[in-house]
Amino acid sequence: MGDDDGATARDEGASAMGTETHTAGQAPDGQVPDESIPRGLKPFWNKPVSELVRLDEPPIAEPAQERHRIYSFLLAAVILNYWNGNKYGEAGDYGDWRANQLLAAQPRLYKGGSYLGHNIAALAVDAEGRIIDYDFNHNDLFDSSVEHAESRLVRRVFALNQIYEPWQVDGDSPKRGRGGVPQRQEHKVFATSLTDRAERVTPRSAEKVASGYSTLLSDVTVYTSLESCAQCTGIMCLASVKEVVYLQPDDSQFLIGNIMRRTTRAQGPGFIAPRPIAGDEIGFAYFRDLAEGNRDFGRRVEHEPFYQNGVKAVKTPSVTSYLCTDNAYQNFAAASAEVNGMSLQHPDYRPDLVPSALTNQQALAMATDFLTYVKSVRNRGTSHRV
Ligand SMILES: [Zn+2]
């Protein structure tokens, strides 16, 4: 719910300029009638943008930060395992930006092959800490600008839930097994935990069961390697994703995640955008390194083209180009290495209100198991359109 003081446009008045071209709902004197201001924007209408983007969330305790870092390091390792950096093809000159990834370079980081999408991926984790699935950006594979990791992942999880119906479940359901046969399909295809185990947890969860898909993911945390865009924030909002942890900021997305979080909470009941959690809020040290690496790339690329082939020279300060560079690779490699070497300070921690949750120690074990699985898949996430 809203946590702001509810100041309105009338209090401070709008500029008198531009009254000849006033928009619908705007009075001739330039002021906007209170009833015309969208509910979620009312608390911010005459405040600076800095107020709109400022998150007002409780701090994350160290044991929970450590838990977030486990999945963040895992996500870095998933990306590193399926790294592709040849954004403009194998032929051509990438200068010094990715000298260690050229096919002829030694030591060789890049194994060759088609560029399938940007080095951006996302991971979905349920309330118990169980990993549901991952997916990559597949823009190039589908020749599309909207096949982003988070939106693909959310649509995929919905699809998984849609096609799988457990026929053998607990309780007094007509599907209850007979003849003393042990129940094997307690969960749906994935466990959002509070949702699936409503009768054992809280009354609030029971409401979720009744409300179906709109709250199916309301206990799910999405980890994404790059701050989410408007599309992905919108999809995660409509999916009621609980929170989104991002490993690198993306200034080009104008803090849309923060804006949607603030405005959806201010408008009251309904869809609430996920809480954005920046990597530096959870002690993910590479957040700053990736941000600085990207800024350095942006400063230098105009004079040191990212790519040229005799016909064109690419000088655009694009974050997805930065994510092809050796600097980005090295940051992901360092973060990835921490999955195996992580020494937990809070091994027995589990989230409040979720007694069935994995401990941090168990979550770390699951993360290393999951990485083994990801490596065995031998493709860059799901290749289908969802
Ligand atoms: Zn996106």
Kindly establish whether Ser114 is surrounded by fewer than 20 Cβ atoms within 10 Å (Cβ to Cβ) and more than 23 Å from the chain's Cα centre (by Cα).
-> yes
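Would you mind finding the one in Thr233, Thr264, Thr325 that is within 16 Å of the ligand (Cβ to nearest atom) and touching a residue at least 40 places away in the same chain (Cβ under 8 Å)?
Details: Thr264 fails: within 16 Å of the ligand (Cβ to nearest atom); Thr325 fails: within 16 Å of the ligand (Cβ to nearest atom).
After ruling out the rest, the residue left standing is Thr233.
Listed here are the residues, each with its yes/no results for (1) buried (at least 19 other Cβ atoms within 10 Å of the Cβ); (2) farther than 20 Å from Gln65 by Cα.
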site: Asn331; (1), (2): yes, no
site: Ser356; (1), (2): no, no
site: Ala365; (1), (2): no, no
site: Val377; (1), (2): no, yes
Note on Glu128: of the conditions (1) surrounded by 17 or more Cβ atoms within 10 Å (Cβ to Cβ); (2) away from the ligand (no atom under 16 Å from the Cβ); (3) not in a loop (DSSP other than H, G, I, E, B), unmet is (3)
Might you let me know whether region 314-324 holds any residue that is crowded, with 17+ Cβ neighbours inside 10 Å and more than 23 Å from the chain's Cα centre (by Cα)?
-> no
Would a scan of region 289-296 turn up a residue that is out of contact with any Leu (no Cβ under 8 Å at 6 or more places or on another chain) and basic (Lys, Arg)?
-> yes
Sort through Val169, Val154 and tell me the only one that's at pLDDT 50 or above, out of contact with any Ser or Thr (no Cβ under 9 Å at 6 or more places or on another chain), within 16 Å of the ligand (Cβ to nearest atom) and outside any strand (DSSP E or B).
-> Val154
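So, Val222, is that one within 14 Å of the ligand (Cβ to nearest atom), touching a Gly at 6+ places or on another chain (Cβ under 7 Å) and not in a loop (DSSP other than H, G, I, E, B) or not?
Numbers: within 14 Å of the ligand (Cβ to nearest atom): yes; touching a Gly at 6+ places or on another chain (Cβ under 7 Å): no; not in a loop (DSSP other than H, G, I, E, B): yes.
Criteria not met by Val222.
The values are calculated or read from the model by the stated rules, or taken from the named source; none is laboratory data. The shown structure was predicted, so the numbers you read here are calculated from the model rather than taken from an experiment. Quick reminder, even Gly has a Cβ in these numbers, built from the backbone with ideal geometry, and neighbours come from all protein chains shown.
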